[in-house]
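Okay, so here's the structure we're looking at.
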Amino acid sequence: MAKLKVRVKPGANKNKVEKMADGTIKISVREHAERGKANKELISYLKDITGITVNIVKGRTSKDKLIEFYCKEADFIARLEEHL
């Protein structure tokens, strides 16, 4: 099991993955941050683009989140970077 810090931008025009200048992975999701909708969209979107199930371990009510997944961190990041 590996973990990765990400920054989430809820209420975006479309779901997308970006890499910020400091190396942080930013994930925009269409859903707004109300009643866990953005978190559900984040989990679903990451599953769709990587094929890997993720869980939010920290930051459920924050834009900065810690997610965990069952593969090597480098493999997960490589799959995310295919969608930059």
Count of segment 24-53 residues which are farther than 18 Å from Leu80 by Cβ and surrounded by fewer than 12 Cβ atoms within 10 Å (Cβ to Cβ): 2
What residue, of Ala74, Ala21, Ala12, Ala78, is out of contact with any helix residue (DSSP H, G or I) (no Cβ under 8 Å at 6 or more places or on another chain), of a type outside the set (Ser, Thr, Tyr), surrounded by 15 or more Cβ atoms within 10 Å (Cβ to Cβ) and free of Cβ contacts under 8 Å to residues at least 24 places away in the same chain? Ala12
In segment 59-71, which residues are loosely packed, with under 13 Cβ neighbours inside 10 Å and within 16 Å of Glu41 (Cα to Cα)? Arg60, Thr61, Ser62, Asp64
Which condition number in (1) within 13 Å of Phe69 (Cβ to Cβ); (2) surrounded by 18 or more Cβ atoms within 10 Å (Cβ to Cβ) is the one that Ala2 fails? (2)
Near pairs, Cβ below 9 angstrom, 6+ apart or cross-chain, from segment 36-65 (among the hydrophobic types (A, V, I, L, M, F, W, C) and modelled with pLDDT of 95 or more) to any residue that is part of a helix (DSSP H, G or I) and exposed (fewer than 15 other Cβ atoms within 10 Å of the Cβ): Ile52/Asp75; Val54/Lys47
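The values are calculated or read from the model by the stated rules, or taken from the named source; none is laboratory data. It should be emphasised that the depicted structure is a prediction, and the values quoted were computed from it without experimental measurement. In this analysis, Cβ positions are derived from the backbone assuming ideal geometry, glycine residues included, and neighbour counts consider all displayed protein chains.
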